[in-house]
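Encoded as structure tokens, the structure appears first; notes follow it.
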Amino acid sequence: MSSSHRSRFLQLALRADALRFGDFTLKSGRQSPYFFNAGLFNSGALLAELAGCYADAIAAHGVAFDLLFGPAYKGIPLATAVACEFARRGHDLPLAFNRKEAKAHGEGGTLIGAPLAGRRVLIVDDVITAGTAIREALAIIREAGGMAAGIVIALDRQEAVDPARSRRSAAQTVADEHGLPVIAVATLTDLLDFAGSDAGLVAQRERLLAYRAAYGSE
Ligand code: OMP
């Protein structure tokens, strides 16, 4: 695990209880021995620290973009916190997000914030498993006339959608399909490295390895 934002993020996620070990049912129906709940970054200080990890991952990658987009719901506070972190670092960026239910009154529509049209949009979201949430966000950006520039997530679970057919991860598949970088603050591989250096996480690591053998990408 070379970059410090990776281990900083994993330590922070464990401290916030946002990263848990146990038995969880995923959106895909898979039974997972771990779960990442970005909703547990539920204070100003936790979000600010998390945003620092995202901003470092974005800066380390060097992706070029004009606007930050947070998909409803969990992406909204994340993109907002990242925009505040960039401003704190002297780089004020436009910010937009969507609502899930269209409004017929008031300002109407589903998009809120800075206009997407003609802008290179960086999507800020929490986690990729099968890539469904990210594909929805890409469609929203396209419809609004924006150009997706990349996707940044806190955790890439590095899972294959259909392991019997292909061991390519959902993130790799989305990246290839759309020609976009998918930047993860940390991946399952980073979590395994991290757990390998902590004697208290030996049993959890064994379960993560078994899960990766069943569903993981190559
Ligand atoms: P995909 O749309 O399959 O990529 O899964 C992403 C979504 O799964 C997230 O936006 C969450 O709703 C949920 N999720 C987590 O939040 N954390 C996890 O560790 C795993 C999942 C999941 O259900 O796969």
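The values are calculated or read from the model by the stated rules, or taken from the named source; none is laboratory data. Because the structure is predicted, anything quoted here is derived from the model rather than measured. Cβ: placed from backbone, ideal geometry, glycine included. Neighbour counts: every protein chain shown. Areas reflect the complete protein model, heavy atoms only, side chains present, ligands, DNA and RNA absent. Shrake-Rupley method; radii C 1.70, N 1.55, O 1.52, S 1.80 Å.
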Inter-site label distance for R30 and H105 at 7 Å from Cα along Cβ, in nm: 4.4 nm
Globularity index of the chain, i.e. its alpha-carbon radius of gyration over 2.2 N^0.38 Å: 1.01
Chain lengthening between A59 and L209 when straightened (0.36 nm per residue, less Cα-Cα): 51.0 nm
Cα pair distances exceeding 16 angstrom across the range 138-218, given as percent: 59 percent
Alpha-carbon centroids, the range 42-98 and the range 114-166: separation in whole Å: 15 Å
Ranking by accessible area, most exposed first, for R165, R99 with a 1.4 Å probe: R165, R99
Charge dipole magnitude, Cβ of K and R +1, D and E -1 - the chain, Cα centre, debye nearest 20: 180 debye
Å² per residue, accessible surface of the range 93-218 at 1.4 Å: 46 Å²
The chain: antiparallel DSSP beta bridges as a percent of all, rounded to 5: 35 percent
Mean separation of Cα contacts under 8 Å, 6 or more apart, over the residue count of the range 134-208: relative contact order %: 27 percent
